[in-house]
Amino acid sequence: MTSPQVRSQLDENILRLIAQSILDENEIVTPPTPVQDLLDHYELTWRSFNFSQIVGSGARQDGAKLDKHPRLLALLDASNRNIYVHSSLSEERLRFCLLHEIAHFIMNGGAFVGCSETDLLEGCEQEIAANRLASYLLFQLDGFILSASSYRLGLQAVVGLAKNYRASLEATGRYYVETRREPCSLLIGTITGITDESRPGSDSRRIVIKHAYSSGTFPGDPLRGIRIGSALSKELLQRQQPAVSGLRIPVSRCERPTRARSRALVSYVSCRAEVLVASSRVVLFVTPE
């Protein structure tokens, strides 16, 4: 019987072969990936939607609330070769989302597939495979690694590569750290609390880490839900220097943590952090000190 680890590696190799075949067939060798050309290749069309347009006039207010924080971001109607994508997505997220639905079309055939925010970030095995294939197409497999080699390790590399590949910082950063040999991690956080510039000392902002991605050599898996201390959060958010030292990241060294075992297997890694703040979202690139 094939172990889950071996089966996962086999699946990964198959996805890479599929992606390389698609890139070769469409003669895609330099960034950015022409998403519209791939849609045309598979005779797929796409259109945007929002809930305010779908619901009746009496429920438009409820539709507007759904549009503000939509759960359903995309829908693939494979039998009619249509993709529907929520209008709130940025250009970078739209490109990834369309590639994600193309991946579903290739792997699932004639099925209806709906994708939520959670599906695009994690999801079941089917969603993970679609995400992986979409990433391979977006970043053109090892072509990305070659492009990344021209940058110095760090957050500026992620910013530059995101621009070249017309991809989001999160998608680019995740692919970047997961393909690096050096120990590094990308943390995506949100800002909680408030600040009142008219009242000195009123800054109560803190950073809460929502997602974490790491290279295979990073010492452990960073835990989600990390709340960075208020003093260090302020130092990071004020960005008075390019990088901040002394950020202690809790990591799990257990492959399958349980409630009973996870706490005993948590340790801390002292890191150097580079930070980029965009609206209420924070991107941290960390390396062990």
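The values are calculated or read from the model by the stated rules, or taken from the named source; none is laboratory data. None of the values given here were measured: they were computed from a predicted structure. Because the Cβ atoms are built from the backbone with ideal geometry, glycine has one as well, and the counts that use them run over all protein chains shown.
Determine which member of the set L265, L237 is on the phi < 0 side of the Ramachandran plot and at pLDDT 75 or above. Give the derivation first.
Details: L265 fails: at pLDDT 75 or above.
Just one listed residue meets the conditions, L237.
Can you list the helices (runs of 4 or more DSSP H) lying wholly within the stretch 23-73 that have 2 or more residues being modelled with pLDDT under 95, surrounded by 12 or more Cβ atoms within 10 Å (Cβ to Cβ) and under 23 Å from the mean Cα position of the chain (by Cα)? Write out each step before concluding.
On the way: elements: 35-41, 51-54, 60-68.
Answer list for the stretch 23-73: 60-68.
Among the helices (runs of 4 or more DSSP H) confined wholly to the stretch 75-157, which include 3 or more residues that are within 16 Å of the chain's Cα centre (by Cα) and at pLDDT 95 or above? Break it down stepwise before answering.
Values: elements: 91-108, 117-121, 125-139, 142-148.
Counting at least 3 such residues, we get 91-108, 125-139.
Report, ordered by the first and then the second residue, all pairs with beta carbons closer than 9 Å, sequence separation of six or more or different chains, a first member in the stretch 236-253 that is assigned by TED's automatic domain parsing to the domain that holds L223, and a second member that is at pLDDT below 75 and in a strand (DSSP E or B).
P250/V266; V251/V266; S252/V266; R253/V266
Quick check: is even one residue across the stretch 210-225 hydroxyl-bearing (S, T, Y), surrounded by fewer than 16 Cβ atoms within 10 Å (Cβ to Cβ), at pLDDT 80 or above and outside any strand (DSSP E or B)?
The answer is yes, given that some residue of the stretch 210-225 is hydroxyl-bearing (S, T, Y), surrounded by fewer than 16 Cβ atoms within 10 Å (Cβ to Cβ), at pLDDT 80 or above and outside any strand (DSSP E or B).
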